[in-house]
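One structure is given here, and the rest of the page talks about it.
Values in this text are rule-based calculations from the coordinates and carry no lab data. These numbers were taken from a predicted model, which means no experiment stands behind them. When we count neighbours, we look across all protein chains shown, and the Cβ atoms used for this are built from the backbone with ideal geometry, even at glycine.
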């Protein structure tokens, strides 16, 4: 198996994890409200929003790292493909 194929497999796994986390974050933020007008009877809604934002904040660093890693790996794959194209096996 060529190194380009291995890098492609790893890139696919990293990108799949990134997509799953993006979908998870979007489902979390779908229930987020921009404004809450709360009285004492609805204070539980404020706690739900705080917990929701903690979850979103917890996965944000992973999204940044996986996004950067996925982008870097696609550039590495492009470089490897160009290199292999310029230097065919003899």
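Please compute the Kirkwood hydrodynamic radius over the chain, one decimal place, Å, based on all pairs of different Cα atoms. Don't jump to the answer; show the numbers that get you there.
Numbers: mean 1/r = 0.0620 Å⁻¹.
Kirkwood hydrodynamic radius for the chain: 16.1 Å.
When the helices in the chain are scored as -39500 (n - 2.57) per DSSP H run of 4 or longer and the sum is shared across all residues, what 222 nm value do you end up with, to the nearest 500 deg cm²/dmol?
Details: 2 runs with 72 residues, N = 90.
Rounded to the nearest 500, it is -29500 deg cm²/dmol.
With springs only between Cα atoms under 10 Å apart, run a GNM on the chain and tell me which of 53, 30, 73 wobbles the most.
Most flexible of the set in this elastic network: 30.
If each residue's Cβ is checked for other Cβ atoms within 10 Å, how do 15, 27 rank with the fewest at the top?
On the way: 15 17, 27 9.
Neighbour counts put them in this order, fewest first: 27, 15.
Working out 0.36 nm times the residue gap between residue 6 and residue 63, then minus their Cα-Cα distance, what length gain in nm do you get to one decimal? List each step's numbers first, then the result.
On the way: separation 57, 0.36 × 57 = 20.52 nm, distance 2.25 nm.
Full extension of this stretch gives 18.3 nm more.
Can you figure out the FRET efficiency of residue 13 with residue 44, using R₀ = 35 Å and their beta-carbon distance, to the nearest 0.05? Before the final figure, lay out each step's value.
Details: r = 39 Å, r/R0 = 1.12.
E between residue 13 and residue 44, to the nearest 0.05, is 0.35.
At 0.36 nm per residue, minus the direct Cα-Cα distance, what do residue 55 and residue 84 gain on full extension? Give it in nm, one decimal, please. Please list the in-between numbers first.
On the way: separation 29, 0.36 × 29 = 10.44 nm, distance 4.32 nm.
The residue 55-residue 84 span can extend by a further 6.1 nm.
Normalised by the residues of the chain, what does the relative contact order come to in percent, with Cα pairs under 8 Å and at least six apart? Numbers along the way, then the final one.
On the way: 34 pairs, mean separation 43.9, N = 90.
Answer for the chain is 49 percent.
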